[in-house]
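Shown next, in structure tokens, is the structure this report addresses.
The values are calculated or read from the model by the stated rules, or taken from the named source; none is laboratory data. None of these values were measured; they are calculated from a predicted model. Positions of Cβ are backbone-derived with ideal geometry, glycine not excepted, and every protein chain shown enters the neighbour counts. Please note that ligands, DNA and RNA were not included when accessible areas were found on the heavy atoms of the full protein model with its side chains. Shrake-Rupley method; radii C 1.70, N 1.55, O 1.52, S 1.80 Å.
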Amino acid sequence: DAMVIQNPRYQVTQFGKPVTLSCSQTLNHNVMYWYQQKSSQAPKLLFHYYDKDFNNEADTPDNFQSRRPNTSFCFLDIRSPGLGDAAMYLCATSREPGVSRTDTQYFGPGTRLTVL
Amino acid sequence: GENVEQHPSTLSVQEGDSAVIKCTYSDSASNYFPWYKQELGKRPQLIIDIRSNVGEKKDQRIAVTLNKTAKHFSLHITETQPEDSAVYFCAASIIPGNQFYFGTGTSLTVIP
């Protein structure tokens with residue numbers, strides 16, 4: 001059963017044309033993350049939400065924005081995609097961090113973004 | 001912040017042999033270390049994890065060892081099979097917390 005769902009799986013956009021990627025989860029997890037993964041590289045965290053609290057990584061470009069309208073959904077908006085933004089975008093979720101519980105992140109299948 | 005290094009970047013083994021992937025971390029406060037397997041074009045999937053109060057954990061053919069003093073942890077896969085071929089990522093984290101610091105990945109190829 002799909003637990004973290006990403007749509008679309010493949011997205012093609014034009015240079016400078018805004019694009020929105022979506023992520024939904026059925027796990028009722030408090031935390032949702034967006035990662036960018038380029039070929040042969042590790043996932044790079046862009047930002048995450050802890051409930052409604054937004055946490056941006058210091059080196060995430062302003063071109064990347066996110067919205068979390070409710071627990072289940074989170075969106076990644078790329079305002080003006082450049083050629084360098086072509087990558088796999090991974091959404092992940094985790095439970096509320098607890099001292100005595102593991103904080104495993106569960107990943108979605110990713111959206112592969114192509115910028116023409 | 002935390003810095004995780006992973007070696008080797010590529011690894012080829014014969015089917016049935018063992019594979020070992022090593023990671024080091026810099027922040028002694030890190031206390032949770034997951035390993036993810038990512039097949040081509042697919043999502044990273046957790047295969048095993050270990051917390052800092054444990055030195056070793058095993059799940060069938062997969063084991064992870066942790067040396068807190070030296071700040072390194074390793075993934076061991078025994079009796080490798082072709083379906084073990086994938087990219088493996090280690091990560092370090094401080095829990096409670098939300099930040100995972102990933103290693104650069106190891107591309108494992110198991111030769112039939």
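Using θ = phi - 60° and the Karplus form 6.51 cos²θ - 1.76 cosθ + 1.60, what ³J(HN,Hα) does each residue of segment B:56-61 get, whole Hz, x for Gly and Pro?
7, 9, 10, 9, 6, 8
Going by Cα centres, segment B:10-62 and segment A:29-72 are how many Å apart?
Going from one Cα centre to the other spans 24 Å.
With the cut-off at 24 Å, tell me which of the pairs B:K22/B:K68; A:K44/B:K57; A:K17/B:K42; A:K38/B:K68 have Cα atoms farther apart than that.
Beyond 24 Å between Cα atoms: A:K44/B:K57; A:K17/B:K42; A:K38/B:K68.
Between the DSSP loop rule and a limit of at most 11 other Cβ atoms within 10 Å, which trypsin sites (Lys or Arg not before Pro) in segment A:17-59 are left?
A:K52
Per Stokes-Einstein, at 25 °C and 0.890 mPa s, what whole-number D in µm² s⁻¹ belongs to chain B, with the Kirkwood radius over Cα pairs as the hydrodynamic radius?
In µm²/s, the coefficient rounds to 176.
Just to check I understand the Karplus step: with θ = phi - 60° and J = 6.51 cos²θ - 1.76 cosθ + 1.60, what whole-Hz values come out for segment A:32-49, glycine and proline as x?
Karplus-based 3J(HN,Hα) across segment A:32-49 equals 10, 10, 10, 10, 10, 10, 8, 3, 6, 10, 6, x, 10, 5, 8, 6, 8, 10 Hz.
Taking 8 Å as the Cα distance limit and 6 or more residues as the minimum spacing, I'd like the relative contact order of chain A as a percentage.
Relative CO of chain A lands at 37 percent.
Please list, in order along segment A:11-19, the HN-Hα scalar couplings obtained from phi with the Karplus expression 6.51 cos²θ - 1.76 cosθ + 1.60 (θ = phi - 60°), rounded to whole Hz, x for Gly and Pro.
Going residue by residue, I get 9, 10, 9, 9, 3, x, 8, x, 9 Hz, with x marking Gly and Pro.
At 7 Å along Cα-to-Cβ for each site, give me the label-to-label distance between A:R67 and B:V54 in nm.
Placing both labels 7 Å beyond Cα along the Cβ direction yields 4.1 nm.
In whole percent, and with a 1.4 Å probe on the protein chains, what portion of the accessible area of chain B is carbon and sulfur?
47 percent
If the viscosity is 1.306 mPa s and the temperature 10 °C, what translational diffusion coefficient in µm²/s does Stokes-Einstein give for chain A when Rh comes from Kirkwood over Cα pairs?
111 µm²/s
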